[in-house]
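J.: I have a structure I would like to understand better, so I am pasting it below and will then ask my questions one at a time.
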Amino acid sequence: MANGNSPTLQRALSTLRAVFGYPAFRGAQAEVITHVADGGDALVLMPTGGGKSLCYQVPALLRRGLTIVVSPLIALMQDQVDALKQLDIEADFLNSSQDGEEARRVWRKVHEGTLTLLYVSPERLVLEGFLDVLDGLAARGELALFAIDEAHCVSQWGHDFRPEYMRLSALAARFPQVPRMALTATADAQTRAEIAQKLGLTEARHFVASFDRPNIRYHVTEKDDARRQLLQFLRQGAGRAGHGGHLGESGIVYCQSRKKVDETATFLREQGVSALPYHAGMDAALRRDHQQRFIREEGLVMVATIAFGMGIDKPDVRFVAHLDLPKSLEGYYQETGRAGRDGLPAEVWMAYGLSEVVQLRKWIEESDAGEDQKRVEHLRLDSMLGFCEAAQCRRQVLLHYFGEASAPCGNCDNCLDPPATWDGTDAARKLMSAIVRTGQRFGAGHLIDVLRGRTTERMTQQGHHLLPTFGIGADLDDNHWRSVLRQLVALGLVFPDVSAYGAYRLHEAARPVLRGEQALILRQPRAATPKRSTSTRSGVPAGIDLSPAGERLLNALRAWRRRTAATQNVPAYVIFQDTTLLALVESRPDSHDALAEIPGLGVKKLERYGEELLEVIASCD
C-alpha cells in the first residue's frame, strides 16, 4: 500500500488534481506512481481503461529530465501527445511519419531540455545514435524514466509479438540508474515471467490489477450465417438482455482472414452501416487513412484482422465483435478490451463454429514452434473453446484463466439468460460410437449424416448406411449435434485430428462415457435470438438513462466538441471524453467553480474551455 503521508504521493495527488482534473487515483495507480517516481522498477499489468498512461505520465512530471515512452504504433503516439498538449505538458514523438524538418524540431527540444515526455518506437530507441544522446542526458541526470508500453509484445509466442522489443533488454545494462517500467493490459503468469526475463526486469516490483472490466457485457453464440447474426447484433444488441442497438456507434469487427475482412466491410456498407476494412494486405497509405478516420470520426465500424487495434487510444468504442474464434483467451481479452475504455457500458459479441477449431489446430501443428510450445498453444486454444462452451458466468471463466476468482457477474449472456442443460450422456455415446464405427476418419458433417440417417452418395460408398449407428440420432437436428460435438471437444473427450483433415477421434478420457460409466450434463444450444426494436436514441451510449433534456444537452456538448476538435485537427475525445460530457449533463454546472468539480477538467482545460462550456449548458436550459 502507498503511504498516505508520503511526500511523493502528496505531490502526485496535487499533480493529478491540478493537471489532469481527477480527484483521486484508482486501484493500484497510487502505489505504482510513488514506487516509480521514487526510482523503482515496475512491471504493471492493468486492464485497458484502467489508467495505465497516468502510471508513467505522473512520474514524468515528478522526476527531473526526459521520460522516454516506448510505443509500438504511430497512432497511439499521436493521440497521447495531442492529449498531453491539451494539458500544456511538453510532449512529442519521433517516428517514421515525420519528415526531416519535423524530426529535427523534436531533436532540438531534446537537446534544449524542454521536453517532458518523448514517445518513440522500439526500433528507433535502440539505434546507436539515439542511445548516445540518451547517454549524455543520463550523465547529466536528465533522463527521468523509461516506460515500455504494450510490453507483452516481447513474448515470442504471444498474440502481438514484435521482434524489436527483444532488443530493449539493453536498457538495463546501459542505464542502470534510470528506472524502467513495463506496462501491458494482458498477460498470463507465463507471459509476465517472460516480460520480466527478456526486459531485464527480474528485480522489478510487479503490480497486477484486477483483470475485470465490469462495464463490458460478454455474449457468445453458435455460428449460423455469421454476417446476418452480426447485422442483427448491430441493429439490436446481443441477446434477449442486450443493451439496444449499436448503429451509429464506433466499433470493431474482427475477422481471421483479409478476404473475409473485405467481404464483411462491403456487406455492412450495403446494409447502410459506415464500415471500413483494415488489414496488412491493403495499400499502406489507405490503411493509415482508414485508421485515422476511425480515430477521428464518430460512429465508424472498423472491420479488421487482429493487426488492428493495439495501441488505439479511442475511448468510445462501444462494441467489439468477433466473426471467428480467437487463438487464445489472452488474445480475446486484449481484443475485447478495446471496447469501453471510458468506463461506459460496452458489449462484446462472438460467433464461432467447429471449423475454426480445426483450422486453428492445423495452424499450430504446421507452425515452426517446438513441441513444448505447440502443447502450450493447444492448451490455450482449449481454454478459448471452454470459454465459448461454458454454461457458467463468462466473466468467471475469463478471470479464472488469469488466476482471479470472482462471483457471477450478472452482465454476460449466461448470467442474464442462463442456458438450459440436459443429460447428454446418451447423445454423447451415440456420437462417440459413430466416430469409432466410421474408423475415426471423418469430419462433423459426415458423422451427423450417419447419426441422422441420411443416405448420401458418400454414405453408400463407405457402406456406413449399414452401420448400427446409422439413423440412431434422428431425434436431434444438425444444430443440436454440432453443439454436442463442440462440447465434447471442449471437455477434452474428442479432438479433431489435423493430420487427417479434421477427422474426429476419441481421447482416452472418453472411454468411461462410451462404456456408460460416466454421465455428461451438457448445455442446450440457444434458440435463435428473437427480434427486438432497434434503439433510436441518438448519441446516448447504450445502458445510460437520460431524460429528453439530458439527451439534448449531451448532443449539444458533442456538437461543440466536434467543432472544437475539427478546428484543432485532433480526435474529439482528446478535447473531452464522453464520461466528462455525461458528468456535465448530470451536474449542469453554472459557474467556473462548479466546472472545476467535474472529472477531467484540470486547470488548463478549465481556462481554455470553461466559458464555452457554460455557454453551451446555458443554451440548453
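Bear in mind that the values in this text are calculations on the coordinates, not laboratory data. These figures come from a predicted structure and were not determined experimentally. Every residue, glycine as well, gets a Cβ built from its backbone with ideal geometry; the counts of neighbours run over all protein chains shown.
J.: Listed here are the pairs 260/327; 223/259; 109/198; which of them are more than 21 Å apart at the Cα? Walk me through the intermediate numbers first.
T.: Numbers: 260/327 17 Å; 223/259 18 Å; 109/198 31 Å.
Checking Cα-Cα distances, 109/198 exceed 21 Å.
J.: Ok, one more. For segment 155-287, count all C-alpha to C-alpha pairs, find those more than 24 Å apart, and express that count as a whole percent of the total. Before the final figure, lay out the partial values.
T.: Values: 4765 of 8778 pairs.
Counting every Cα pair in segment 155-287, those more than 24 Å apart make up 54 percent.
J.: Name the long-range amide H neighbours of residue 322: under 5 Å, sequence gap of 5 or more, or other chain; modelled H, no Pro or chain starts.
T.: 254, 349, 350, 351
J.: Based on Cα positions only, what radius of gyration and what Dmax would you give for the chain, in angstroms?
T.: Here Rg and the maximum Cα pair distance are 26.7, 86 Å.
J.: Let me ask something additional. Mind putting together the pair-distance distribution for segment 183-242? All Cα pairs, 10 Å bins, whole percent per bin, short to long.
T.: Spelled out bin by bin, segment 183-242 gives 16, 31, 18, 21, 14, 0 percent.
J.: Taking the Kirkwood radius as the inverse of the mean 1/r across Cα pairs, report the Rg/Rh of segment 425-492.
T.: On the way: Rg = 11.0 Å, Rh = 11.8 Å.
Dividing the radius of gyration by the Kirkwood radius yields 0.93.
J.: If you don't mind, another one. In square nanometres, what is the average projected area of the Cα convex hull of segment 7-208? Can you show the working numbers first?
T.: Numbers: hull surface 42.3 nm².
Over all viewing directions, segment 7-208 projects a mean Cα-hull area of 10.6 nm².
J.: Hey, what do the phi angles of segment 270-282 turn into as Karplus ³J(HN,Hα) couplings, whole Hz, using 6.51/-1.76/1.60 and θ = phi - 60°, x for Gly and Pro?
T.: Calculated HN-Hα couplings, in order: 5, 8, x, 9, 6, 10, 10, x, 8, 7, 5, x, 7 Hz.
J.: Residue 494's amide H: which non-local residues (gap 5+, or another chain) put their own amide H closer than 5 Å, with H modeled 1.01 Å from N in plane and none for Pro or chain starts?
T.: 489, 507
J.: So for segment 216-416, taking the charge dipole from beta-carbon charges (+1 Lys/Arg, -1 Asp/Glu), which of 280, 376, 416 sits furthest toward the positive end?
T.: So the residue we want is 416.
J.: Once you order the gyration tensor axes a ≥ b ≥ c over the Cα atoms, which shape class does segment 391-433 get: rounded for a/c under 1.5, otherwise prolate or oblate by comparing a/b with b/c?
T.: Oblate.
J.: Using r as the Cβ-Cβ distance of residue 519 and residue 363, and R0 as 35 Å, what FRET efficiency do you calculate, to the nearest 0.05? Can you show the working numbers first?
T.: Details: r = 35 Å, r/R0 = 0.99.
According to the calculation, E is roughly 0.50.
J.: From the backbone phi of segment 584-595, what are the Karplus-calculated ³J(HN,Hα) couplings (6.51 cos²θ - 1.76 cosθ + 1.60, θ = phi - 60°) in whole Hz, Gly and Pro given as x?
T.: Each residue's phi maps through the Karplus curve to give 5, 5, 5, 8, 6, x, 10, 7, 5, 5, 5, 4 Hz.
J.: Assuming R0 = 51 Å, can you tell me the calculated FRET efficiency for the pair residue 269 and residue 124, based on Cβ-Cβ distance, to the nearest 0.05? Show your work: numbers first, answer last.
T.: Values: r = 37 Å, r/R0 = 0.72.
Here the calculated transfer efficiency is 0.85.
J.: Using every alpha carbon pair in segment 305-438, what percent of pairs falls into each 5 Å bin from 0 up to the bin containing the largest distance?
T.: 2, 9, 14, 18, 20, 17, 11, 6, 3, 1, 0
J.: Spelling out what I want: for every residue of segment 107-117, take phi, set θ = phi - 60°, compute 6.51 cos²θ - 1.76 cosθ + 1.60 (Karplus), and round to whole Hz; glycine and proline get x.
T.: Along segment 107-117, the couplings run 4, 4, 4, 4, 5, 7, x, 9, 8, 9, 10 Hz.
J.: Follow-up. Kindly state, as a whole number, the per residue volume in cubic angstrom of the convex hull around the alpha carbon atoms of segment 548-619.
T.: Working: hull volume 5.6 nm³, N = 72.
Enclosed volume per residue, from the Cα hull, is 78 Å³.
J.: Using all C-alpha to C-alpha distances in segment 266-343, build P(r) with 10 Å bins and read off the rounded percent in each one.
T.: Each 10 Å bin holds this share of Cα pairs: 17, 52, 31, 1.
J.: Taking chymotrypsin sites (Phe, Trp or Tyr not before Pro) as exposed when DSSP calls them loop (any state but H, G, I, E, B) and at most 15 other Cβ atoms lie within 10 Å, what is the longest stretch of the chain free of them, the sites themselves excluded?
T.: 162-500
J.: What do you get for Rg/Rh of segment 106-151 when both radii come from the Cα atoms and Rh is the Kirkwood radius? Each step should come with its number before you reach the end.
T.: Working: Rg = 10.6 Å, Rh = 11.4 Å.
With Rg and the Kirkwood Rh in hand, the quotient comes to 0.93.
J.: Between 520, 169, 35, whose Cα lies farthest towards the positive end of the dipole of the chain when Lys and Arg beta carbons carry +1 and Asp and Glu beta carbons carry -1, centred on the Cα centre?
T.: Farthest along the dipole direction, towards plus: 520.
J.: Among the GluC sites (Glu not before Pro) in segment 251-322, which ones are in a DSSP loop with at most 12 other Cβ atoms within 10 Å of the Cβ? Mind listing them?
T.: Sites meeting the loop and neighbour criteria: none at all.
J.: Per q in 0.08, 0.11, 0.18 1/Å, what log10 I(q)/I(0) does a Debye calculation on the alpha-carbon atoms of segment 216-416 return?
T.: So the normalised log intensities are -0.26, -0.50, -1.33.
J.: List the lysines whose Cα sits under 18 Å from the Cα of residue 314, skipping any in the same chain fewer than 8 residues away.
T.: Cα-Cα hits under 18 Å: 52, 85.
J.: When you have a sec, figure out the Kirkwood radius of segment 151-225 from all distinct Cα pair distances and drop it here in Å to one decimal?
T.: 14.4
J.: For segment 75-148, what size does the Cα cloud have along each of its three principal axes, sorted from largest down, in whole Å?
T.: Projected onto the principal axes, the Cα atoms of segment 75-148 cover 31, 25, 24 Å.
J.: So, with +1 on the Cβ of K and R and -1 on the Cβ of D and E, and no other charges, what is the size of the charge dipole of the chain about its Cα centre, to the nearest 20 debye?
T.: 960
J.: Still on this structure: At 222 nm, what helix-only mean residue ellipticity would the chain give, in deg cm²/dmol to the nearest 500, using -39500 (n - 2.57) for each DSSP H run of four or more?
T.: It lands at -13000 deg cm²/dmol.
J.: Compute the long axis of helix 425-437 from its Cα atoms, compare it with the longest principal axis of the Cα atoms of the chain, and write down the angle in degrees, 0 to 90, nearest 10.
T.: Taking the Cα atoms of the chain, the angle to 425-437 is about 70 degrees.
J.: Out of the GluC sites (Glu not before Pro) in segment 161-226, which ones are loop residues according to DSSP with at most 12 other C-beta atoms within 10 Å?
T.: Taking segment 161-226 and a limit of 12 other Cβ atoms within 10 Å, the loop GluC sites (Glu not before Pro) found are 203.
J.: Oh, and also: List the trypsin sites (Lys or Arg not before Pro) in segment 47-140 that DSSP assigns to loop (not H, G, I, E or B) and whose Cβ has at most 12 other Cβ atoms within 10 Å. Which are they?
T.: Details: sites: 52, 63, 64, 85, 104, 105, 108, 109, 124, 140; in loops: 63, 64, 140.
Counting only loop positions with at most 12 other Cβ atoms within 10 Å, the trypsin sites (Lys or Arg not before Pro) in segment 47-140 are 64, 140.
J.: How big is Rg to Rh over segment 116-188, alpha-carbon atoms, Rh as the Kirkwood inverse-mean-distance radius?
T.: Radius of gyration over Kirkwood radius for segment 116-188 works out to 0.98.
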